[in-house]
1. I'd like to check something: does segment 335-348 contain any residue that is within 29 Å of E88 (Cβ to Cβ), in a helix (DSSP H, G or I) and open to solvent by less than 70 Å² (accessible area, probe 1.4 Å)?
2. Just give me the residues in segment 92-118 being assigned to a loop (DSSP other than H, G, I, E, B), open to solvent by less than 60 Å² (accessible area, probe 1.4 Å), touching a strand residue (DSSP E or B) at 6+ places or on another chain (Cβ under 9 Å) and in contact (Cβ under 8 Å) with a residue 12 or more places away in the chain, in sequence order.
3. I'm checking my understanding of the structure. Among residues of segment 128-147 that are farther than 27 Å from G195 by Cβ and in a strand (DSSP E or B), which one is modelled with the lowest pLDDT?
4. Confirm whether F171 is among the hydrophobic types (A, V, I, L, M, F, W, C), in contact with a Leu (Cβ under 6 Å, 6 or more places away or on another chain) and modelled with pLDDT under 90.
5. Pairs under 8 Å by beta carbon, first residue farther than 11 Å from R51 by Cα in segment 232-243, partner charged (D, E, K, R) and surrounded by fewer than 19 Cβ atoms within 10 Å (Cβ to Cβ), six or more apart or different chains?
6. Given the residues G237, G199, G229, which is the only one that is surrounded by 13 or more Cβ atoms within 10 Å (Cβ to Cβ) and not in a strand (DSSP E or B)?
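The values are calculated or read from the model by the stated rules, or taken from the named source; none is laboratory data. For clarity, every value in this text was computed on a predicted model and none was experimentally measured. In this analysis, Cβ positions are derived from the backbone assuming ideal geometry, glycine residues included, and neighbour counts consider all displayed protein chains. Protein only, heavy atoms only, side chains kept; ligands, DNA and RNA dropped before computing areas. Shrake-Rupley method; radii C 1.70, N 1.55, O 1.52, S 1.80 Å.
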Amino acid sequence: MMLLKRYTVLVLCLCVCLGAASQAGKRKRRPAVSETAADPRVEQMIHNTQRIMFIDSVVVTRKEAVTQLSLTPQAGHIRQDAQHLCHENEIGSRRIYSDDAGRLLMQTKTGGEWGDERELAGLREPGVIDTLRCPFMMNDGMTLYFAAKGSESIGGYDIFVTRYDTDTHTFLKPENVGMPFNSTADDLFYVIDEGARVGYFATTRRQPEGMACIYSFIPPTTRQTYAEGYDLHQLKGLAEISSIADTWSNEKERINAQERMLQAQRQPRDPVAESAVRFAVDGNTVYSSPSDFKAPGNADRFRQLLYMQKEYGNQQEELTKSRNYYAKAAQSERPQLADDIARAERELEDAELAIRQLEKEIRNIEVQFLNH
């Protein structure tokens, strides 16, 4: 019961996004398998339904809202910015949100100030992929999920995924993620928390007007569909998630995922602010939290510094592992390993230099502000 209660609080914040989408139809009797529209793509999607293990589900009202989602730091933060749901990255330097026109916009923060907003290029195609909502950017900064309506969706809103092309500096043509995440109802939100190794998505299927169901699931490492041995009726049930118990192929794995969800909810709301840190401003002043900084923008700079220091530590660990492996590697592997180690050493030196420069910048700005 405690887990369910905590989970219910966790998912209520997704309704911030749900209220921005169109309303679901009136409640129908819940069949074993929900009806599908006469769209030729639906049957094809059913046969290509992705194998997903669902952890749990909860029904919430679409108008309820909680200001923050208890994700682990790697997943960033879900916030309500003005009238639109906004996803910020881990260090709060980038945010993506939708506007009244159904566009996805992005801003980056420099010196504590949000820059000009710009539309994410290559996503909208009026009538095809239109009215974009509920963005979520993966921790890699390249993979973007969002909900959209248009001829590429099989219902109202469908979940789409795209990736950033570094050669053209635009996003690739979005792809419909298919079933079981999409249906002929509104499918509204998709989040992957890599820290907890748990995903969430929201849908209005089989729900009365004003309500939605939030599903939690275990994100697969590779895309797998159901093998032979399932008839069309069974595949429809899995595609429409008529019973999450039908997806429980490994009970131990599901229980472990529930525990990871609970641990994520127990984390401090602001892990950076509550961590034990010390920053010497001068010989007499030492700060222990981002909130201690007085100069505008320095709290954000300090958060970025902590993030860089964390990544620096991760790089050091990986370099140590590579060096240890080199000692026992086969002779044929060593030339490539040597090149990788040399490159990692250069990257580590660059990271250390960037950290020192940012420390100096923060310290100078803070001292100047305090002296004036």
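1. Taking every residue of segment 335-348 in turn, at least one turns out to be within 29 Å of E88 (Cβ to Cβ), in a helix (DSSP H, G or I) and open to solvent by less than 70 Å² (accessible area, probe 1.4 Å).
2. G92, S93, D99, G102, listed by residue number.
3. Here the answer is D130.
4. no
5. Every condition considered, the pairs that remain are G237/D246.
6. Answer to the check: G237.
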